[in-house]
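Derivation of every value follows stated rules applied to the coordinates shown; laboratory data play no part. Please read all numbers here as calculations on a predicted model, not as lab measurements. Reconstructed Cβ throughout: ideal geometry from the backbone, glycine too, with neighbour counts over all protein chains shown.
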Amino acid sequence: MGSQSSPSVRVLATGGVPPALRTWFAIHFVADLLFAVPMFVAPHATLHGLFGWETVDPIATRLVAAALFGIGIESWLGRHNGVEGFRTMLTLKVIWATTAWVGILWSLLENGGRPIAGWLFFGVFLGFASLWSYWRWRLHTS
């Protein structure tokens, strides 16, 4: 027998929160800030210049960036919380990511599938909605 502990022992040692989930919260912090900073500082250059958005509303763009800052920074600050803190944050993340991908898809369908980069954002939010839903379910059943 090696010194490796079973997954259930690791979960108990981390306050009921799997280490992989804590890692995903840190990854989410980085991902959110990678998008939030340029969207906040230079909305037009970011959305039009990098992603081909034809019309950029700087207020709406900065509002989305503010949400990304809030969720991302709280993911970092709360990565050492206990299971209840993670459940609460996961609920928020599921709601945010799910309404985001639904709204993006709706807009793409209304706009003839444009801008093309919208499909990238759709995929990112669908992926995060799936990831957070899985972890929310997993913590609920533990």
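Before moving on, here are some points about what is shown:
- Any pair with Cβ under 7 angstrom, 6 or more apart, that starts in the range 49-69 at a residue that is acidic (Asp, Glu) and ends at one that is surrounded by 13 or more Cβ atoms within 10 Å (Cβ to Cβ): Glu54/Pro115
For (1) touching a Leu at 6+ places or on another chain (Cβ under 8 Å); (2) of a type in the set (Phe, Trp, Tyr), each residue gets a yes or a no:
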residue	(1), (2)
Pro19	no, no
Asp32	yes, no
Ala42	no, no
Gly49	no, no
Trp53	yes, yes
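- Counted residues, the range 97-114 - those being of a type outside the set (A, V, I, L, M, F, W, C) and over 21 Å from the mean Cα position of the chain (by Cα): 5
- Residue ID - farthest from Leu47 (Cα to Cα), chosen from residues in the range 101-119 that are hydrophobic (A, V, I, L, M, F, W, C) and touching a residue at least 24 places away in the same chain (Cβ under 8 Å): Trp101
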